[in-house]
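The values are calculated or read from the model by the stated rules, or taken from the named source; none is laboratory data. Because the structure is predicted, anything quoted here is derived from the model rather than measured. As a convention, Cβ positions derive from the backbone with ideal geometry for all residues, glycine included, and neighbour counts pool all protein chains shown. All accessible areas refer to the heavy atoms of the entire protein, side chains included, with ligands and DNA or RNA removed. Shrake-Rupley method; radii C 1.70, N 1.55, O 1.52, S 1.80 Å.
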Amino acid sequence: MSDLEDDETPQLSAHALAALQEFYAEQKQQIEPGEDDKYNIGIIEENWQLSQFWYSQETALQLAQEAIAAVGEGGRIACVSAPSVYQKLRELCRENFSIYIFEYDKRFAMYGEEFIFYDYNNPLDLPERIAAHSFDIVIADPPYLSEECLRKTSETIKYLTRGKILLCTGAIMEEQAAELLGVKMCTFVPRHTRNLANEFRCYVNYDSGLDCGI
């Protein structure tokens, strides 16, 4: 190759090269998030086709703190179709709590043994290592506002919990939730990162801090 051809080869400026390297680093981090980042809400993007809508940071924190208070140190917490609560719990508590995420979306398998594949259409199709009544509290957010989805998810909740239930679903599901799980609506109103058309509420079957000063 001649010197002339060498001169005509496109060269990136130092600024452009640095920007390109930063872009590749960001892409790699999204694919392989670091230990400090992998529990960030939004590290996995919402998939609307799976009816995924993440809680706001404030709501996820409120629900996580409620679960921690409800079970005490060393407690076992199940997050059923509520990945943003799981992420906030693990952001707050790396140790001293046993926390599992029951989720249909296999992208959350990045959380290793704490990920349990879950399809509400098969509510009791769970691994043998998940024993009946082995969780101090179950936090659940059924993906669809339908009687069928709530009924089937309720089977899972009742199988997993030792007693305490924290359900997040639409206000229109209040009557069905009471019938299926014996839960009552809280004054706390959960918020999402995006405004949803349907009003969402929390329901519990125990004395909860979600009714205090909110």
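By accessible area, using a 1.4 Å probe on protein heavy atoms only, region 48-204 has 47% of its surface on carbon and sulfur. Of the GluC sites (Glu not before Pro) in region 59-106, the ones in a loop by DSSP (not H, G, I, E or B) with at most 12 other beta carbons within 10 Å are Glu73, Glu95. Under the combined filter of DSSP loop state and at most 13 neighbouring Cβ atoms within 10 Å, region 106-167 retains these trypsin sites (Lys or Arg not before Pro): Arg129. Ordered by 1.4 Å accessible area with all protein chains kept, His133, His192 run largest first as His133, His192. Looking at region 48-204, the accessible area is 46 square angstrom per residue; that uses a 1.4 Å probe and ignores ligands, DNA and RNA. Considering amide H positions built from the backbone, and no H for Pro or chain starts, which residues 5 or more places from Ile99, or on another chain, come under 5 Å of its amide H? So Ile99 has HN proximity to Ile77.
Probe radius 1.4 Å, ligands and nucleic acids left out: which of Asp125, Asp141 has the largest accessible area, and how do the rest follow?
Accessible-area ranking of Asp125, Asp141, largest first: Asp125, Asp141.
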